[in-house]
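*Asks:* First the structure, then my questions, so here it is.
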Amino acid sequence: MTANREIDSILQRAADGGRITPEEALLLYTDAPFHALGEAADTIRRRRFPDGVVTYLIDRNINYTNVCVTACKFCAFFRAPKHKDGWAHPMEEILRRCGEAIDLGATQVMLQGGHHPEFGVAYYESLFAGVKEAYPQLMIHSIGPSEILHMAKVDGVSIEEAILRIKAAGLDSIAGAGAEMLPQRPRKAIAPLKESGERWIEVMTIAHRNGLSSTATMMMGTGETHAERIEHIRMIRDCQDLAVANGYQDSAVETSHQVGGFRAFIPWTYQPENNHLKGRTQATTMEYLRFIAVSRLFFDNIAHLQASWLTTGKDVGQLALHLGVDDLGSIMLEENVISSAGARHRSNLHELIWMIRTADRIPAWRDTLYNHLQVHRTEADDPTDDRVVSHFSSIAMPGRKTLPLVDAK
């Protein structure tokens, strides 16, 4: 209970499983007392996941090229075509990294790269098919609507044809990449050459219709307003409503991982180094945590909420577990894009499990579709591989022959 009856009413309705409007979400984001906001969000988590399990993933982000024509102002990773530091990895190098990832327990790879002017649908068909042939046990959770639009444009085919072809080649899931900010004003300010937010949603809708599920993301802290942050999640919720209405997504969101639609929402914070925005605006820790809680209250149709400890820090990630979060994401064996912009947070498998357990939750290793692979109900159930360590330094450049591992101690 708070001193504001309107806020009390909205929080109670949301905690009971009712839907709140964008206007109500904005009021909660700006005015609701922090502890009441967090309690309502955690009430939803407890009802949806009464077993108290918080999941994590082991994966590797493998970059096939840093050449990109989009030139987003927040990106420190890309190089323009013909730049002396531009590169594209051969299939042999990509497969080598996949093999290393499997050896360390990875069940998923995220193949990411720039909008290379020569990479059409056929390139991605070859890429996904090559990985699936060599390592059929790996789930390919990769690319996003921006890359799909780009490859379709390069080859002069429809969005639907591009999606069907790369799905047939081995793509298992579409990443929420490229969302950043979906509303028009902030999107134009930070990525003027990228597709509109409406176009991003259109691609996701087509993918969901064709049986591909995905994640949804948001980058906060580049100068967008509070209202624009809420508008971003409004666009995503409306897209998910369409998936449910058309039967692409089961309305019972806790068991809806096998069909088209959004599985999870993952907000993360802009990193300010080595890019054109140069950190002129950034989201505060409190802004991030409040948004996490509001997102859990707002997304009555998306099952999972993930905290981005990679960009916010492990302490903030653990605190988010008390604000509606049920997933801590990945021990990323390799990550270069956000790290290039200054993300310095790292962890190892033992520490991530410790973060979950000391938050009074039960850690569980999951796969891409949130199936539990191992539930660590007691410390005796914990894995013992000290090699599983995340990396913040860029290791995507040619010439690195082995995956450098640090002492987990």
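*Asks:* By how many nm would the segment from residue 284 to residue 48 grow when fully extended, if each residue of separation counts as 0.36 nm and the alpha-carbon distance is taken off? Write down the numbers at each step before the final one.
*Replies:* Details: separation 236, 0.36 × 236 = 84.96 nm, distance 2.84 nm.
Gain in length upon complete extension: 82.1 nm.
*Asks:* With only Lys, Arg, Asp and Glu charged, each at its Cβ (+1 for the first two, -1 for the last two), find how big the charge dipole of the range 1-148 is about the Cα centre; round to the nearest 20 debye.
*Replies:* I would put it at about 160 debye.
*Asks:* Just the Kirkwood number for the range 5-381, please: inverse of mean 1/r across all distinct Cα pairs, in Å, one decimal.
*Replies:* 20.8
*Asks:* Per residue, what volume in Å³ does the Cα convex hull of the range 33-191 take up?
*Replies:* Dividing the Cα hull volume of the range 33-191 by its residue count gives 173 Å³.
*Asks:* In Å, what is the Rg of the alpha-carbon atoms in the range 130-177, and how long is Dmax?
*Replies:* Spelled out, the Cα radius of gyration and Dmax of the range 130-177 are 11.1, 32 Å.
*Asks:* May I ask you to order 59-69, 97-107, 371-381, 150-160 by the average number of other C-beta atoms within 10 Å around their residues, highest value first?
*Replies:* Result, highest mean first: 59-69, 97-107, 150-160, 371-381.
Bear in mind that the values in this text are calculations on the coordinates, not laboratory data. Fair warning: this is a prediction, and the values are worked out from it, not measured in the lab. Neighbour counts are summed over all protein chains in view; Cβ atoms, including those assigned to glycine, are modelled from backbone coordinates with ideal geometry.
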